[in-house]
Amino acid sequence: MVLRIGMVEDDALLRLSITEALEGRDGCQVVTSSDQPKSIIDAVRAGALDVALLDVHLGNGPSGFDIAQSLRRITPGLGIVFLSSVRDPRLLGYNPASLPKGARYLLKSDVDDIDMIEQSLRAAAHDGYALSDQAAPRVDLTQPQIDILRLVARGLSNAEIARERVVTERAVEVAVSRLAKHLNLRETPGLNQRVHIAARFFKEMGWTP
């Protein structure tokens, strides 16, 4: 049975490479491959897809998670595979528990060949109605620590974080210090802990040069 695939990926070279590789596999048909969600939404409405391969971070537009929710509202059993450079969805402000059931989550850095992608696509297409999912990987941080990590990376001061979280500056100071300790980050000449914390965030987001 031919597996009908739709893809949304904003990296043109990666999108072309994966599309060509999948098209070269027996039993795979890439129905649509684009950097915009409209074509895949149209394909799902037409009943032309079995599974969607979605980049998580798509710049300023809707995220892959947003697109997945839209697709599942049209076809609840559609297979979903997320392809991401971000290790933990919470870093993007998403609760993993709210992600579509039966979805797969692949880290771009872990993908060795097209076999891994095809296997995930076929598994997701089969498990589209599953009540459990292949959990997205997580960094070793609690949700409050993730929140502090993101706010520090945005460049907010302790006072600004305190106002946003409706807590005292002292509470934020303690939270930042504990986060740095948990991450084994220490101040070094010319760089304080907040810089190290922000750097860790960008590393986990896959944005490290």
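Treating only the Cβ atoms of Lys and Arg (+1) and Asp and Glu (-1) as charged, compute the dipole magnitude of the range 3-126 about its Cα centre; round to the nearest 20 debye. Don't skip to the end; give the middle numbers.
Working: 13 positive and 17 negative charges, 132 e Å.
With only Lys, Arg, Asp and Glu charged at Cβ, the dipole is about 640 debye.
Which one, Val56, Val81, Val152, has the greatest fluctuation when you compute a Gaussian network model over the chain with C-alpha springs under 10 angstrom?
Judging by the Gaussian network model, the answer is Val152.
With +1 assigned to the C-beta of every Lys and Arg and -1 to the C-beta of every Asp and Glu, and no other charges, what is the dipole magnitude of the range 143-204 about the Cα centre in debye, to the nearest 20?
Numbers: 11 positive and 7 negative charges, 28 e Å.
Approximately 140 debye in magnitude.
Tell me the label-point distance for the pair Leu13, Ile114, using the 7 Å Cα-to-Cβ offset, in nm and rounded to one decimal.
1.8 nm
For the range 3-126, what are Rg and Dmax over the alpha carbons, in angstrom?
Rg then Dmax for the range 3-126, in Å: 13.0, 38.
Which residue fluctuates the most in the chain, going by a Gaussian network model with Cα springs under 10 Å, if the choices are Ile161, Ile67, Ile146?
So, out of Ile161, Ile67, Ile146, the one fluctuating most is Ile161.
From Cα pairs below 8 angstrom and at least 6 apart in sequence, can you work out the relative contact order of the range 143-204, rounded to a whole percent? If you can, show how the numbers build up before the last one.
Working: 45 pairs, mean separation 25.0, N = 62.
Over the range 143-204, the number comes to 40 percent.
Please work out the Cα center distance from the range 40-66 to the range 1-34, rounded to the nearest Å.
13 Å
Tell me which lysines have Cα within less than 25 Å of Lys181's Cα, excluding those fewer than 8 residues away on the same chain?
In chain and number order, the partners are Lys203.
Laboratory data are not the source of any read-out in this text; all were calculated from the coordinates shown. A quick note: this is a predicted structure, and the numbers were derived from the prediction, not measured. A quick note on method: Cβ atoms are made from the backbone with ideal geometry, for glycine too, and the neighbour counts reach across all protein chains shown.
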